[in-house]
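Take a look at the structure set out below.
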Amino acid sequence: MEAFNYQFTALRGIQAGREYYLAMCPLKLIPKIFLFDEEEIPAELRAQRVLNKARVPEIARYLVANPKDYVFSALTVSVDGDIVFQPFSDKSNERNAGMLSVPMTARFLVNDGQHRRAGIEEALKQNHDLGDESIAVVFFLDSGLARSQQVFADLNKHAIRPTRSIGILYDRRNVFAQLALSLLDTVPIFRGLTETEKTTISNRSTKLFTLSAVYQATQALLQKGKNDAVTKADYQLATDYWTKLSERIPEWQLAIKRKAGTADLRSQYVHVHGVTLHALGSVGAALIATYPDSWPQKLAPLEQIDWRRANLQLWGGRAMQHGKMSKAAQSVTLTANAIKLALGLSLNVEEMALERLIEQTPRTRGTP
């Protein structure tokens, strides 16, 4: 009957009194034997979330682009069938290693990793050589649909997505992430004042900006996406812009010299928050495009801007909404508009339309 079974070399373990198995499975078998519920089935009758098809091409691209340097965590699969585990030895220290036989008629259900499974299927269409590589699979015995749903809930209950900042910090393949990290060393206002792990800054923190904010603002400055090429000229321009800009904001200079507390600056000024940093990146792109040779001198009017959060006439409804700093895309644009107008830069059609809207709203919109 062996011909009618899938055979996996596996390790046996015990969780909650139930046996489970860890095996290595060739990638070429993943699309054939591991299925997830059809989208049309109502959620209460499924044991998995609906597949987000937008994620699949990205996973496939990652696998195809890094055939010698990719990492996939294990799939978790429930099996409904009469499986048999045959130890390689009866010795106490070896009886948990053996051969796992699973009937081809068994029902497999992916509890965790359905997007990886779909990404592998797509990647194999582009590179058949990947099929002989393997991925770890954790098998749980399925005692019915209710158990499979609970497995999914338990696996995801304590999962915490890493912060965007730490994702940038550790991403060696993202060339733009590497650019952002370099700015933390080359730009005085970012050096020692950037939070590299969290995406929010506590009141007691000694930091002014987050790495994710620096990353996003620099993307706006250079008008590039994370997959675009980054040149030495881009590195130099980003370093020059943020350095020259910091020279025009008095409070930033106090922060660089450690003559002002970061908590006080964040509580009193808008220019040390992500929304304004992003806006300053957008302003920089427009300024450099308009004055490619003389843009550093054109930054001088920034010294005269009243950056205080108490200045609701300027920042209410822009960087601030209802008394709080806002990260919304419209807030970024409206904040950039105010800075552009202070620098004498023109606004495009969409920006002018937003200005007309804010002119119709009382500027006390920034109050609680």
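Rule-based calculations on the coordinates, nothing more; no lab input. These numbers were taken from a predicted model, which means no experiment stands behind them. FYI the Cβ positions are ideal-geometry reconstructions off the backbone, even for glycines, and counts take in every protein chain you see.
Quick rundown of the values:
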{"quantity": "Neighbourhood charge, 14 Å Cβ-Cβ cut-off, centred on P301 and excluding it, Lys, Arg +1 and Asp, Glu -1", "calculated": "+1"}
{"quantity": "Net charge dipole size for the chain [Lys, Arg +1 and Asp, Glu -1 on Cβ; Debye, nearest 20]", "calculated": "1380 debye"}
{"quantity": "Per-residue Cβ neighbour rank within 10 angstrom, fewest leading, D171, D228, D293", "calculated": "D293, D228, D171"}
{"quantity": "Computed [θ] at 222 nm, deg cm²/dmol, the chain (DSSP H ≥ 4; -39,500 (n - 2.57); rounded to nearest 500)", "calculated": "-12000 deg cm²/dmol"}
{"quantity": "Förster radius 51 Å - calculated FRET efficiency between A54 and E19, Cβ distance, rounded to 0.05", "calculated": "0.90"}
{"quantity": "Between 0 and 90°, nearest 10: helix 55-65 axis offset from the chain longest Cα axis", "calculated": "80 degrees"}
{"quantity": "Mean separation of Cα contacts under 8 Å (6+ apart) over length of the chain, as relative contact order %", "calculated": "13 percent"}
{"quantity": "Crossing angle, helix 114-126 versus the chain [Cα axis fit, 0-90 degrees, rounded to tens]", "calculated": "90 degrees"}
{"quantity": "Greater than 26 Å apart at Cα, pairs in K298/K324; K226/K327; K28/K91; K232/K259; K68/K198; K198/K226", "calculated": "K298/K324; K28/K91; K232/K259; K68/K198"}
{"quantity": "Interchain or long-range residues, amide H under 5 Å from I135's placed H", "calculated": "C25, L27"}
{"quantity": "Cut-off 15 Å between beta-carbons: net charge of the residues surrounding P26, Lys and Arg +1, Asp and Glu -1", "calculated": "0"}
{"quantity": "Residue order, fewest to most surrounding Cβ atoms within 10 angstrom, among D234, D154", "calculated": "D154, D234"}
{"quantity": "For the chain: span of alpha carbons on each principal axis (Å, largest first)", "calculated": "83, 44, 41"}
{"quantity": "Burial ordering of S205, S267, fewest other beta-carbon atoms within 10 Å first", "calculated": "S267, S205"}
{"quantity": "Amide H contacts of N311 (H built 1.01 Å from N, under 5 Å, at least 5 apart or other chain)", "calculated": "none"}
{"quantity": "DSSP loop trypsin sites (Lys or Arg not before Pro) with at most 10 other Cβ within 10 Å excluded, longest remaining stretch of the chain", "calculated": "260-368"}
{"quantity": "Angle between the chain longest axis and helix 232-246 axis [Cα atoms, degrees, rounded to 10]", "calculated": "50 degrees"}
